[in-house]
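Enquirer: Questions regarding the structure given below will be posed in turn.
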Amino acid sequence: MKIGVVTFPGSLDDRDAQRAVRLAGGEPVALWHGDEDLRGVEAVILPGGFSYGDYLRCGAIARFAPVMQSIIDRAGQGLPVLGICNGFQILCESHLLPGALTRNVHLHFRNRDQLLRVENASTEWTGAFEPDAEIVVPVKNGEGCFVAAPGELDRLEGEGRVVVRYAGGNPNGSVRDIAGICNERGNVVGLMPHPEHAVETLTGPSTDGLGFFTSVLTAAVS
Amino acid sequence: MPRVLVDVMLKPEILDPQGSAILGALSRLGFTGVHSIRQGKHFELEVSDPVDEARLRELADTLLANSVIEEFTLRVLPR
């Protein structure tokens, strides 16, 4: 299965995301921000980093890149899309996901291994996890504080669309400890922590992150 | 060439940790009497004549501000 990983100017974690796809058993395909062509991929990852230097707002300029127009169209038809960190910010700016990511409440960049609880194990990207599984993956962000209108938050909670929640301490002040959410259909998932950095024991705190990448492969087969 | 000023501020209900940090610094420096600071963004545009204000508002709403967390004011400067 071909999984596209988009590189924007300023993307940092595109190579790690490609590597995670390969370790999970998929075929990573590099996608370029300036190219509308999705090259026949069956899923897309928007990786972490600082696209367009985080100018204006994180993800605000990337959202209008030619590749994003194609991704927004296809996401509406069910294409699985995973946004990690800056990718999550881009998905919110694109209105594929509700809410926004703002400056961490304590103003510090937070970089640590983070305990998370997988609260929705039925999305395209989390099917490999047991419901309420606790996993450890790195978190590293300066603008990861998730906010949304109270009505929107109640809707997300009511529809089971909080995919992962911070456990063992909230690293950035996100409302209701929300670390990641999905759209109504469950094909678009965004999260601030970095599962692609937890796929090998040599370099990560665990291999818990691999589940995000195997999930989409399993979803495609079934 | 007409000039347009756009100010973007976080909505009142959105926490502004940067403003809070500036407020804290002011009190440490001995500047008293300031009770609140909100930090925002200021844009200055030079645009073609005649000014299409509706189109400028669309521009601000599309890119300069994120309506989920921000609101903007737009002023066309008199020539």
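Enquirer: Checking residue A:185 against (1) surrounded by 19 or more Cβ atoms within 10 Å (Cβ to Cβ); (2) within 25 Å of residue A:79 (Cβ to Cβ): exactly one of these is not met. Which one?
Expert: Of the numbered conditions (1) surrounded by 19 or more Cβ atoms within 10 Å (Cβ to Cβ); (2) within 25 Å of residue A:79 (Cβ to Cβ), the odd one out for residue A:185 is (1).
Enquirer: Does segment A:102-112 include one or more residues that are within 14 Å of chain B (Cβ to nearest Cβ), in a strand (DSSP E or B), open to solvent by less than 60 Å² (accessible area, probe 1.4 Å) and touching a residue at least 24 places away in the same chain (Cβ under 8 Å)?
Expert: yes
Enquirer: Follow-up. Examine segment A:23-42 for a residue that is open to solvent by 10 Å² or more (accessible area, probe 1.4 Å), out of contact with any Phe, Trp or Tyr (no Cβ under 6 Å at 6 or more places or on another chain) and within 14 Å of chain B (Cβ to nearest Cβ), and state whether such a residue exists.
Expert: No.
Enquirer: Has segment A:48-65 got at least one residue that is farther than 20 Å from residue A:140 by Cα, more than 14 Å from chain B (Cβ to nearest Cβ) and touching a residue at least 24 places away in the same chain (Cβ under 8 Å)?
Expert: Within segment A:48-65, not a single residue is farther than 20 Å from residue A:140 by Cα, more than 14 Å from chain B (Cβ to nearest Cβ) and touching a residue at least 24 places away in the same chain (Cβ under 8 Å).
Enquirer: Restricting attention to segment A:120-131, does a residue exist that is more than 17 Å from the chain's Cα centre (by Cα), more than 14 Å from chain B (Cβ to nearest Cβ) and in a loop (DSSP other than H, G, I, E, B)?
Expert: Yes, that holds for at least one residue.
Enquirer: It is to be established whether one or more residues within segment A:158-176 are closer than 16 Å to residue A:114 by Cβ, open to solvent by less than 50 Å² (accessible area, probe 1.4 Å) and of a type in the set (D, E, K, R).
Expert: yes
Enquirer: Is it fair to say residue A:214 is under 26 Å from residue B:66 (Cβ atoms) and either touching a residue at least 12 places away in the same chain (Cβ under 8 Å) or of a type in the set (A, V, I, L, M) (or both)?
Expert: no
Enquirer: Identify all residues within segment A:21-54 that are part of a loop (DSSP other than H, G, I, E, B) and more than 21 Å from residue A:146 (Cβ to Cβ); write none if there are none.
Expert: Hits for segment A:21-54 are A:25, A:26, A:33, A:34, A:35, A:36, A:37, A:38, A:39, A:40, A:41, A:42.
Enquirer: Regarding residue A:71, is this residue in a strand (DSSP E or B) and closer than 22 Å to residue A:221 by Cα? Spell out the reasoning first.
Expert: Numbers: in a strand (DSSP E or B): no; closer than 22 Å to residue A:221 by Cα: yes.
Against the criterion (in a strand (DSSP E or B) and closer than 22 Å to residue A:221 by Cα), residue A:71 does not qualify.
Enquirer: Another one. Mind listing whichever residues of segment B:1-37 are within 18 Å of the chain's Cα centre (by Cα) and either basic (Lys, Arg) or more than 27 Å from residue B:66 (Cβ to Cβ) (or both)?
Expert: The answer is B:3, B:11.
Enquirer: Just to check your reading of the model, which residue among A:83, A:59 is among the small types (Gly, Ala, Ser), assigned to a strand (DSSP E or B), surrounded by 23 or more Cβ atoms within 10 Å (Cβ to Cβ) and within 17 Å of the chain's Cα centre (by Cα)? Give the steps one after another, and end with the answer.
Expert: Numbers: A:59 fails: assigned to a strand (DSSP E or B).
Going through A:83, A:59 in turn, just one is among the small types (Gly, Ala, Ser), assigned to a strand (DSSP E or B), surrounded by 23 or more Cβ atoms within 10 Å (Cβ to Cβ) and within 17 Å of the chain's Cα centre (by Cα): A:83.
Enquirer: Could you grab me the full set of residues in segment B:9-28 that are under 19 Å from residue A:172 (Cα atoms) and open to solvent by less than 60 Å² (accessible area, probe 1.4 Å)?
Expert: Within segment B:9-28, B:10, B:14, B:16, B:17, B:18, B:19, B:21 qualify.
Enquirer: Kindly indicate which of B:43, B:72 is in a strand (DSSP E or B), within 13 Å of another protein chain (Cβ to nearest Cβ), free of Cβ contacts under 8 Å to residues at least 60 places away in the same chain and out of contact with any Cys (no Cβ under 9 Å at 6 or more places or on another chain).
Expert: On the way: B:72 fails: free of Cβ contacts under 8 Å to residues at least 60 places away in the same chain.
None of the other options fit; the residue is B:43.
Enquirer: Please specify each residue of segment A:198-222 satisfying the condition of being among the polar types (S, T, N, Q) and surrounded by 23 or more Cβ atoms within 10 Å (Cβ to Cβ).
Expert: Correct list: A:215 only.
Enquirer: Pick from segment A:170-182 the residues that are in contact (Cβ under 8 Å) with a residue 24 or more places away in the chain and over 12 Å from the mean Cα position of the chain (by Cα): which of them is nearest to residue A:96 (Cα to Cα)?
Expert: A:178
Enquirer: Select from segment A:66-78 the residues that are open to solvent by 10 Å² or more (accessible area, probe 1.4 Å) and in contact (Cβ under 8 Å) with a residue 60 or more places away in the chain and list them in ascending order.
Expert: A:78
The values are calculated or read from the model by the stated rules, or taken from the named source; none is laboratory data. As the structure is a computational prediction, the values presented were derived from the model and not from experiment. A quick note on method: Cβ atoms are made from the backbone with ideal geometry, for glycine too, and the neighbour counts reach across all protein chains shown. Remember, those area values only see protein heavy atoms, side chains included, never the ligands or the DNA or RNA. Shrake-Rupley method; radii C 1.70, N 1.55, O 1.52, S 1.80 Å.
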